[in-house]
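Worksheet: the structure to be examined is printed underneath.
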Amino acid sequence: MLLVHELAYSARDTYAASPGHTLIIPKRHVASFFDLTQEEFAACMDLINEEKKRIDAEYNPDGYNIGVNVGQAAGQSIFHVHIHVIPRYKGDVENPQGGVRHVIPKKGHYTR
């Protein structure tokens, strides 16, 4: 556990996608991100910002993806809300265009 708030806390992801990958987790058991109270949502957003500062200082990433899986169809496998803060580094993938759109194969790269 890294940071603790009255309503949420942070922890490094056991199966990190990149160095510094951190989870923001509400203390109250709730399965869906959309069921967070306004206070829990605010606490989670505060922790995301605090963790970004810590990750920047420790790992100096080049970017971030912030993500939440809601429901089995979206890949949720632990039915307790957790928000992924995933540091990104130049060269960690060949072409990062599309970012989170890559959760659906072949939808990440598109022409504007």
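Tabulated data
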{"item": "In region 46-82, the residues that are under 18 Å from SER18 (Cβ atoms) and either touching a Cys at 6+ places or on another chain (Cβ under 6 Å) or acidic (Asp, Glu) (or both)", "result": "GLU51, ASP56, GLU58, ASP62"}
{"item": "Subset of region 60-112 [loosely packed, with under 11 Cβ neighbours inside 10 Å, of a type in the set (Ser, Thr, Tyr) and closer than 28 Å to PHE41 by Cα]", "result": "SER77"}
{"item": "Near pairs, Cβ below 8 angstrom, 6+ apart or cross-chain, from region 1-27 (of a type in the set (Phe, Trp, Tyr)) to any residue that is surrounded by 15 or more Cβ atoms within 10 Å (Cβ to Cβ)", "result": "TYR9/LEU2; TYR9/LEU3; TYR9/ILE24; TYR9/ILE25; TYR9/LEU47"}
{"item": "Residues (in contact with a Ser or Thr (Cβ under 6 Å, 6 or more places away or on another chain) and of a type in the set (A, V, I, L, M, F, W, C)) located in region 35-77", "result": "LEU47, VAL70"}
{"item": "Residue that is farthest from CYS44 (Cα to Cα) [pool: residues in region 1-12 that are at pLDDT 95 or above and part of a loop (DSSP other than H, G, I, E, B)]", "result": "GLU6"}
{"item": "Residue in region 18-33 that is out of contact with any helix residue (DSSP H, G or I) (no Cβ under 6 Å at 6 or more places or on another chain), in a loop (DSSP other than H, G, I, E, B), aromatic (Phe, Trp, Tyr) and at pLDDT 95 or above present", "result": "no"}
{"item": "Enumeration of residues in region 34-51 that are part of a loop (DSSP other than H, G, I, E, B) and surrounded by fewer than 15 Cβ atoms within 10 Å (Cβ to Cβ)", "result": "THR37"}
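Residues are listed down the side, and each one gets a yes or a no for (1) β-branched (Val, Ile, Thr); (2) in contact with a strand residue (DSSP E or B) (Cβ under 9 Å, 6 or more places away or on another chain); (3) in a strand (DSSP E or B); (4) over 30 Å from HIS29 (Cβ atoms):
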residue: ALA57; (1), (2), (3), (4): no, no, no, yes
residue: PRO61; (1), (2), (3), (4): no, yes, no, yes
residue: ASN65; (1), (2), (3), (4): no, yes, yes, no
residue: ASN69; (1), (2), (3), (4): no, yes, no, no
residue: ALA73; (1), (2), (3), (4): no, no, no, no
residue: HIS80; (1), (2), (3), (4): no, yes, no, no
residue: ILE86; (1), (2), (3), (4): yes, yes, yes, no
residue: GLN97; (1), (2), (3), (4): no, no, no, yes
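The values are calculated or read from the model by the stated rules, or taken from the named source; none is laboratory data. Everything quoted here is computed from the prediction, not taken from an experiment. In this analysis, Cβ positions are derived from the backbone assuming ideal geometry, glycine residues included, and neighbour counts consider all displayed protein chains.
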